[in-house]
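The values are calculated or read from the model by the stated rules, or taken from the named source; none is laboratory data. Note that the structure is a prediction, hence the values are computed from the model and not measured. We place every Cβ from the backbone using ideal geometry, glycine too, and count neighbours over all the protein chains shown. We work out accessible area using only protein heavy atoms, side chains counted, and drop any ligands, DNA or RNA first. Shrake-Rupley method; radii C 1.70, N 1.55, O 1.52, S 1.80 Å.
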Amino acid sequence: NGTASGLLDTATGQAIYLYLNANGVVEGRVGSGDAANANGAVAFTVAVSNTGQVTLTQKTAIKHPVDSDPDDAVSIAANKITLEATITDRDSDTDTAQLDLGPKLSFKDDGPTATVDPTKAPTLQVDETASQTTGLNKAVSAEFAAAFSGSAGADGGDAAPSGYALNVTNGTAS
């Protein structure tokens with residue numbers, strides 16, 4: 001008990017450690033101060049029925065790599081949780097076999113989503129009529145933020161856009 005799972009809690013950045021409770025359920029508990037904490041918040045549980053049905057229940061957000069796939073999955077480290085089956089014959093002889101469950105138990109990220117509604121975007125138009133004093137040096141601006149919305153996903157955070165940037169498609173003529 002207190003074995004590192006290979007996963008991190010999103011809210012705290014702390015490692016998640018594995019504990020087997022009195023009911024035979026594995027609890028992934030959030031550590032504190034970079035150490036195991038048997039009383040830490042439960043991040044997930046893994047349970048098995050007597051028929052072999054395994055149930056993985058996520059209770060807190062699990063940290064995922066920041067990469068180009070906001071919906072990637074992370075798994076419990078190999079050889080951290082095993083599922084053992086026991087076979088018993090009529091005269092009570094037994095044999096067991098184990099399956100490494102770690103790589104079979106994963107948490108898929110619920111990355112943020114950004115959407116745009118072009119009907120909420122204003123149109124900018126510069127009037128080319130030259131002024132005697134300013135020439136053609138004219139600028140207009142408008143707020144386009146209302147055209148964007150989104151969701152931060154299960155990891156939480158601000159659903160409003162965190163920044164704006166312009167892009168140009170290579171080889172595109174205006």
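Some observations on this one:
- Probing with 1.4 Å while keeping every protein chain in the model, the per residue accessible area of the chain equals 70 Å².
- Using a probe radius of 1.4 angstrom, the carbon and sulfur fraction of the accessible surface of the chain is 50%.
- Three-way shape call for the stretch 1-88 based on the alpha-carbon gyration tensor, with the a/c threshold at 1.5: oblate
- Between Thr86 and Ala35, full extension at 0.36 nm per residue minus the direct alpha carbon distance yields a gain of 15.0 nm.
- Ordering of 155-162, 15-22, 120-127 by packing is 15-22, 155-162, 120-127, highest average first (other Cβ atoms within 10 Å, averaged per residue).
- Measuring nothing but how far apart in sequence close Cα pairs (under 8 Å, 6+ apart) lie, relative to its length, the chain scores a relative contact order of 14 percent.
- Anisotropy class of the stretch 64-104 from Cα gyration tensor, a/c 1.5 cut: prolate
- Net charge of Cβ neighbours under 12 Å - reference Phe144; Lys, Arg +1; Asp, Glu -1: -1
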